Amino acid sequence: MQHKASARERVIASAKQLFSERGFHGTAMADLAEGAQVSVGGIYRCFASKSEIIRAIVQDDTEQTLGQLREAIEQVRTGSTDGAVAVEALVFQWLSAKRDALNHEIVAEGHRNPEVAETIFTICSQFREQFRILVKLVQPDLDDIEVEGGAELLLACLFGMGSREFTDPRLDASQAAAIVTRLFLQGLANRNTPHPG
């Protein structure tokens, strides 16, 4: 059982690297096997297909990130940290993640592969739910539409930060996190403009 878990982890680590470098369709199972130091048959004992490997990568990364998000929300809820501090830490985390190529490859595969698309949809739903909670904690007097808009903006930030390397950024991650957070919170607090609906 331990050997199988270890092989699974090695396959995932190999897939993250190779999918980033060569793309999903440019990576053969033999390449994954060589990188993971397992046989091709060993990969198929862990995963039924390359699509399943992608789904495992997404789920593994998501569990960690969602865990951190839930922990931050609980700290805000209990008053052990400020909402602005929690949001800035999350934005900084997204800015600092170095998985841009892999994330683009996964999203592109989601457009071609319904199973991968379903995984992405499920994960986005989980993030959206947590973002609603965080937005409501940060700005308790928002109505439901405003909370949804705040969650939508955070979700857009999560995806958009993954493309930052292509946008010729002028700020370092720390500066960007501080300014994005300040503007986000100002936007939540300034609701003088009526919204549709």
ask   = Taking Asp61 and the conditions (1) surrounded by fewer than 14 Cβ atoms within 10 Å (Cβ to Cβ); (2) in the same structural domain as Lys136 (by TED's automatic domain parsing), which numbered condition does it fall short on, given that it satisfies the others?
value = (1)
note = Okay, helices (runs of 4 or more DSSP H) sitting entirely in the stretch 87-183 with 1 or more residues that are in the same structural domain as Phe19 (by TED's automatic domain parsing), touching a Cys at 6+ places or on another chain (Cβ under 7 Å) and not β-branched (Val, Ile, Thr), I get none
query = Only one of (1) modelled with pLDDT of 90 or more; (2) over 20 Å from Gln130 (Cβ atoms); (3) surrounded by 19 or more Cβ atoms within 10 Å (Cβ to Cβ) fails for Tyr44. Which number is that?
reply = (3)
request  = Would you mind stating whether Val38 is surrounded by 15 or more Cβ atoms within 10 Å (Cβ to Cβ), out of contact with any His (no Cβ under 9 Å at 6 or more places or on another chain) and assigned by TED's automatic domain parsing to the domain that holds Thr122?
outcome  = no
ask   = Which residues, taken from the stretch 28-51, are hydrophobic (A, V, I, L, M, F, W, C) and either more than 16 Å from Glu9 (Cβ to Cβ) or part of a helix (DSSP H, G or I) (or both)?
value = Ala28, Met29, Ala30, Leu32, Ala33, Ala36, Val40, Ile43, Cys46, Ala48
query = Which one is surrounded by the most Cβ atoms within 10 Å (Cβ to Cβ) among residues in the stretch 1-27 that are modelled with pLDDT under 90 and among the polar types (S, T, N, Q)?
reply = Ser20
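In this structure, is Asp141 at pLDDT 90 or above and over 16 Å from Glu74 (Cα atoms)? Give the steps one after another, and end with the answer.
Working: at pLDDT 90 or above: yes; over 16 Å from Glu74 (Cα atoms): yes.
Judged against the criteria, Asp141 is a match.
The values are calculated or read from the model by the stated rules, or taken from the named source; none is laboratory data. Please read these numbers as outputs of a predicted model, since none were measured by experiment. For neighbour counting, all protein chains shown are included, and Cβ atoms are generated from backbone atoms with ideal geometry for every residue, glycine included.
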